[in-house]
Amino acid sequence: MSTVDPLPAPPLEDADGYDLRPDPLGATTVADLMECMRQYHIWAGKRGLRVMARHIEQQLSPQTLSNLLKSDQLPRQAEQVRLLIEACGGNDEDQRRFVTAWRRFMIARVSELDGGRERRGVRRVVPSAAGLLAVAVRPLPVADRTRYAEEYRSELWELTQSGAGRWRQLRYALRQLRSSLSVGFALRSPRRRGAAP
């Protein structure tokens, strides 16, 4: 019978006279905020990615958590920020502070776009590419679909931020679709072996 290691305890507070907890509300740029997330991960004990994913019940995969920690781009959704801090062991107050910081930058970005600045050359996710990715996760085991769908969406979003146009996004989506059967087979094989007497 397999056993699951217990999750780490929440981060300890700093010793009296010290306050090393990173403050996201002091970030002045998106890059500052993303660096603050990395610092928080360290401050909270630098949990492993698999442990972090298990702590949030795989709502973000280890790969997605890794991408978030490495990126200097603002995450597309506040929920990704909240889950990352929760995965580190952060309490509700820490999660609120990071989400508030995210909102501040996202609201400023949307306001600029609505005012006409940065409108030219802005890349958006192509709906047909997103639709192909939704089809690509169907051959996967049900338990893995949410995780892979999140990874695919995250990678597609990063492509758009790097300047990828319609055809490059579609090529990426088609590549995932072509490999979906083999990925599904690979994900099921270890489970079949584990279930064998």
Residue under evaluation Val126, criteria (1) buried (at least 19 other Cβ atoms within 10 Å of the Cβ); (2) under 21 Å from Ser61 (Cβ atoms), criterion not met: (2)
Scan of the stretch 131-144 for residues that are surrounded by fewer than 16 Cβ atoms within 10 Å (Cβ to Cβ) and either in a helix (DSSP H, G or I) or modelled with pLDDT under 85 (or both), ordered by number: Gly131, Ala134, Val135, Val142, Ala143
I'd like the residue in the stretch 14-69 that is of a type in the set (Val, Ile, Thr) and in a loop (DSSP other than H, G, I, E, B) and, out of all such residues, is surrounded by the fewest Cβ atoms within 10 Å (Cβ to Cβ). Thr28
Return yes when Gln176 is crowded, with 19+ Cβ neighbours inside 10 Å and modelled with pLDDT of 90 or more and no when it is not. yes
If you check Ala87 against the conditions, is it outside the structural domain of Leu156 (by TED's automatic domain parsing), at pLDDT below 95 and among the hydrophobic types (A, V, I, L, M, F, W, C)? no
Outside the structural domain of Leu159 (by TED's automatic domain parsing), without any contact (Cβ under 8 Å) to a residue 12 or more places away in the chain, over 23 Å from Thr146 (Cβ atoms) and among the β-branched types (Val, Ile, Thr), is that true of Val110? yes
Filter the stretch 90-122 for residues that are under 22 Å from Lys46 (Cα atoms) and either modelled with pLDDT under 85 or assigned to a loop (DSSP other than H, G, I, E, B) (or both) and give the result. Gly90, Asn91
State which residue is surrounded by the fewest Cβ atoms within 10 Å (Cβ to Cβ) when the search covers only the stretch 75-113 and only residues that are closer than 23 Å to Pro8 by Cα and basic (Lys, Arg). Arg96
Going through (1) closer than 17 Å to Gln73 by Cα; (2) outside the structural domain of Glu86 (by TED's automatic domain parsing); (3) at pLDDT 90 or above one by one, Tyr152 fails only at (3)
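The values are calculated or read from the model by the stated rules, or taken from the named source; none is laboratory data. Please read all numbers here as calculations on a predicted model, not as lab measurements. Methodologically, a virtual Cβ is constructed for each residue, glycine included, from the backbone with ideal geometry; neighbour enumeration extends over all protein chains shown.
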